[in-house]
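S.K.: Supplied in structure tokens, the structure appears directly below.
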2 protein chains.
Amino acid sequence: MTTITQQQWIYRRQPLGQISADHYELVEQALSTTLGTDEVLIAGRYFSVDPYMRIGQSSQPTYDRDAHPLDTVQQGGVVAQVLASNAPGYRAGDWVRSYTGWQSHARVHASALQAIDATLAPVSTALGVLGMPGRTAWFGLTEAGRPHAGDVVVVSAAAGAVGSLVVQFAKRHGARVLGIAGGSAKCDWLRDTLGADWALDYRAYTDADALGAEIQRLTGGVDVYFDNTGGMITDAVLPRIKRRARIVICGQISQYSGGLETPPPGPRLLHHLLYQRATMQGVLARDYLHRMDEMLAVVGPWVRAGEIVYEETILDGFAQLPAALEGLFNGEHRGKLLVRA
Amino acid sequence: MTTITQQQWIYRRQPLGQISADHYELVEQALSTTLGTDEVLIAGRYFSVDPYMRIGQSSQPTYDRDAHPLDTVQQGGVVAQVLASNAPGYRAGDWVRSYTGWQSHARVHASALQAIDATLAPVSTALGVLGMPGRTAWFGLTEAGRPHAGDVVVVSAAAGAVGSLVVQFAKRHGARVLGIAGGSAKCDWLRDTLGADWALDYRAYTDADALGAEIQRLTGGVDVYFDNTGGMITDAVLPRIKRRARIVICGQISQYSGGLETPPPGPRLLHHLLYQRATMQGVLARDYLHRMDEMLAVVGPWVRAGEIVYEETILDGFAQLPAALEGLFNGEHRGKLLVRA
């Protein structure tokens, strides 16, 4: 029996606060390359690192009843290359997307793979603008945010994988867009490269009132708030919403490192929804998985035409995966964070 | 010129916390009974006392940009009787609904009056089940709450003017209903008279976690939360919502006595909207004013058939009005609170 060496990042310990390499163990083992019927041997090339991974590690029920099981490979999306195939439709060298998580190699039934056409766009986009983050941005904005031309759309974590796409999708709807991010470099990028009308560095404000006053001064009020962070930014935006505003709860990353189990206190602001007859809606990427074709039909041509900026921050080396996930919560990356093996 | 003595409660001072008689002054003056073309002289018989009145006294913008003006008659709905009329369609003795506020008599243009058919139901219902509270309960529940048969509907301030109707309307949709109110007497009434499946006295719970655990135990999870209070009850319910739950923000009375200007802290729970892909929507009675006929077409026959319990707590004497409004925030009344002159 022929084998290859398979590396895996095993999720060993549930984090209470910040996730780090301490919660994982790197193991190596022999993987048989003998393929069953319809099986494919793949080698991971790009590994996704996403905020939702930390939600799955919560000690309380989340969108799943059960937490990510301990002592198993960290789940996640992967762009891989076929090494060998015993399935029709796949040949060595083909690019595929799989959900095999943080392991260097895997034997997978072909039905669990999705082919990637590498001639259309860089294959890594299958984990970004043409993958889950793109789907989240597109459907979260169009189905829950429903922006109209002239609307003011505010995006938190606007330089992130989802937020940076929401900024651009909102501009294409004719909206005026305010991106909120951490640091002046990201804000420059939001304005100069992504086309945001305004950008604010939330770190430059001592409290939500000060940030909110500047949001009001710049925009005159908010029609759509696409929220990836929660916390202080939400506290700043909610008192500034306009009549019939739509608030999209896409992420609450400010609470992921322990604040889901023990929610931190914040001001009670729901009366603003009453005043403005606003709507707030939670959105989750999986709800739109079966509608991927709709998103690709619109966004795909924009990507192929070079009209969408899809920044990637790539760390090299399979060994970097836990550190990359930790870094996701420090907010220093721009666009989609990936690890390349 | 013939005159009568007109009593008025003048709103003199903006409250910072609890509203009371200290913020009003009772004045008397002569009112000419000489009627212009299409004018009607009315005498108030039932005066409405509503939580929204306190919102209008906030120092910050609310659903109106400007607060209730000082040194004017307290605004509000009134059921009145026509004393004299110079308008076609109105005769002495007729019952009308007007928005003339806390004054014993008024001369009003007929276009500002709505005729009440006193043969259909007690005239006071024009301020309750067949008026603004009924409209709020009906459209808030059906348009934002959207209950289905078998759903679990939780109602806060369930013994109040709006809540007690929501309980009954939800039962008519085939939902299972949990009413939350203050005190065991109200809870008995919710179960025994209004038909709630369950009732909980929030005062019997030391914190939101304990209340939430009991909500979960009784109901198995919440599909619709019709919220009139905010605060601790909302903290208890939000972690118990089920997939695609609908949360109706109809009132936040726990914050009205100062907490709109300086929101008290509470746990950040918006991640539950994300987990469950829930929707939260603020509703306001005025948005459905033009659809009153739709509500009356459905609810009117139920009321005439004696199938709806519309409890009224009536205080006697025009002089009681400020005290009645203060009492609204102490939660001791049941159903619709009215002052009879």
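S.K.: Work through the residues other than A:Arg146 whose Cβ is under 12 Å from its Cβ and net out their charges, Lys, Arg +1 and Asp, Glu -1.
M.R.: Net charge around A:Arg146: -1.
S.K.: Averaged over A:327-340, how many beta carbons belonging to a partner chain fall within 10 Å of each residue's beta carbon?
M.R.: 0
S.K.: Then there is this: Pop a pseudo-label 7 angstrom from the Cα along the beta-carbon direction at both A:Gln216 and A:Asp66 and give the gap in nm to one decimal.
M.R.: 5.0 nm
S.K.: Tell me, how many Å apart are the Cα centres for segment B:107-123 and for segment A:90-135?
M.R.: Here the two parts' Cα centres lie 69 Å apart.
S.K.: Another question, if that's okay. What are the distances, in nm and sorted shortest first, from the label point of B:Ala112 to the label points of the same position in each other copy, with each label point placed 7 Å from Cα along the Cα-to-Cβ direction?
M.R.: So the label point of B:Ala112 gives 7.3 nm to the other copies.
S.K.: Further question on the same structure: Relative contact order (percent) for segment A:132-286, with alpha-carbon contacts under 8 angstrom and 6 or more residues of separation?
M.R.: For segment A:132-286, the relative contact order is 23 percent.
S.K.: What does the charge add up to near A:Ala199, with Lys and Arg as +1, Asp and Glu as -1, over the other residues with Cβ less than 12 Å from its Cβ?
M.R.: Around A:Ala199, the charge tally is -3.
S.K.: I want to make sure I understand the PRE zone here: with the label point 7 angstrom from the Cα of B:Arg243 toward its beta carbon, which residues in segment A:136-162 have backbone N atoms less than 17 Å away?
M.R.: Residues passing the 17 Å test: none.
S.K.: At 222 nm, what value in deg cm²/dmol follows for chain B if DSSP H runs of at least 4 each add -39500 (n - 2.57) and the sum is divided by all its residues, to the nearest 500?
M.R.: Computed ellipticity for chain B at 222 nm equals -6000 deg cm²/dmol.
S.K.: Along the charge dipole of segment A:202-341, Cβ charges K/R +1 and D/E -1, which of A:Leu296, A:Val248, A:Ala323 sits furthest on the positive end?
M.R.: With unit charges placed on the Cβ atoms, the residue in question is A:Val248.
S.K.: To continue, here is another question. Select from segment A:250-338 those GluC sites (Glu not before Pro) which occupy a DSSP coil region and have at most 14 other Cβ atoms within 10 Å, ordered by residue number.
M.R.: For GluC sites (Glu not before Pro) across segment A:250-338 that sit outside H, G, I, E and B with at most 14 neighbouring Cβ atoms in 10 Å, the list reads A:Glu261, A:Glu307, A:Glu332.
S.K.: Quote the FRET efficiency, to the nearest 0.05, computed for B:Asn86 versus B:Thr3 with a Förster distance R0 of 25 Å and r equal to the Cβ-Cβ distance.
M.R.: It comes out at approximately 0.95.
S.K.: Mean 1/r over all different Cα pairs, inverted: what Kirkwood radius does the protein assembly as shown give, in Å?
M.R.: After inverting the pairwise mean of 1/r, the radius is 27.9 Å.
S.K.: How long is the gain from A:Arg191 to A:Glu25 if the chain were fully straight, where each residue apart is worth 0.36 nm and the alpha carbon distance is subtracted?
M.R.: Fully extending the segment from A:Arg191 to A:Glu25 adds 55.7 nm.
S.K.: Sort B:Met53, B:Met292, B:Met1 so the one with the fewest other Cβ atoms within 10 Å of its own Cβ comes first.
M.R.: Taking fewest neighbouring Cβ atoms as first place, the list is B:Met1, B:Met292, B:Met53.
S.K.: Can you work out the PRE-style zone for A:Glu39? Point 7 Å along Cα to Cβ, and I want the residues of segment A:72-93 with backbone N under 17 Å.
M.R.: A:82-88, A:90-92
S.K.: Defining the label point at 7 Å along Cα→Cβ, can you sort the distances from A:Gly195 to the same site in each other copy, shortest first, in nm?
M.R.: Here A:Gly195 shows inter-copy label distances of 5.6 nm.
S.K.: Can you bin every Cα-Cα distance in segment A:132-286 into 10 Å intervals starting at zero and give me the percent of pairs per bin, rounded to whole numbers?
M.R.: Going out from 0 Å in 10 Å bins, segment A:132-286 shows 12, 46, 36, 6 percent.
S.K.: Next question, about the same structure. Could you tell me the relative contact order of chain B? Use alpha-carbon pairs under 8 Å, at least six residues apart, and round to a whole percent.
M.R.: 18 percent
S.K.: Ok, one more. Rounded to the nearest 20 Debye, what is the dipole magnitude of chain A about its Cα centre when Lys and Arg each give +1 and Asp and Glu each give -1 at the C-beta?
M.R.: With Lys and Arg at +1 and Asp and Glu at -1, about 840 debye.
S.K.: Determine the sum of side-chain charges near A:Gly131: Lys and Arg each +1, Asp and Glu each -1, restricted to other residues whose C-beta is under 11 angstrom from that of A:Gly131.
M.R.: Taking every Cβ under 11 Å from that of A:Gly131, the sum is +2.
S.K.: What Kirkwood radius, in Å to one decimal, follows from the Cα pairs of segment A:224-316?
M.R.: Kirkwood radius, segment A:224-316: 16.0 Å.
S.K.: How much length is gained if the chain between A:Ala115 and A:Ser59 is pulled fully straight, taking 0.36 nm per residue apart and subtracting their Cα-Cα distance, in nm to one decimal?
M.R.: Working it through step by step, the gained length comes to 16.7 nm.
S.K.: Next up: What residues have an amide H closer than 5 Å to that of A:Ala196, excluding those fewer than 5 places away on the same chain, when H is modeled at 1.01 Å from N in the peptide plane?
M.R.: For A:Ala196, the qualifying residues are A:Arg191.
S.K.: Distances in nm, one decimal, shortest first, from B:Ala92 to the same residue in every other copy, taking the label point 7 angstrom along Cα→Cβ.
M.R.: Values, ascending and in nm: 10.7.
S.K.: At 4 °C and 1.567 mPa s, grab the translational diffusion coefficient of chain B from Stokes-Einstein with a Kirkwood Rh over Cα pairs, rounded to a whole number in µm² per second.
M.R.: Answer, rounded: 62 µm²/s.
S.K.: List the pairs from A:Lys186/A:Lys242; B:Lys171/B:Lys242; A:Lys242/B:Lys171 whose alpha-carbon separation is above 29 Å, in the order I gave them.
M.R.: Table pairs above 29 Å Cα-Cα are A:Lys242/B:Lys171.
Read the figures in this text as sums done on the coordinates, not as results from a lab. Only a predicted model underlies this, so the values are computations on that prediction, with no experimental measurement involved. Neighbour counts are summed over all protein chains in view; Cβ atoms, including those assigned to glycine, are modelled from backbone coordinates with ideal geometry.
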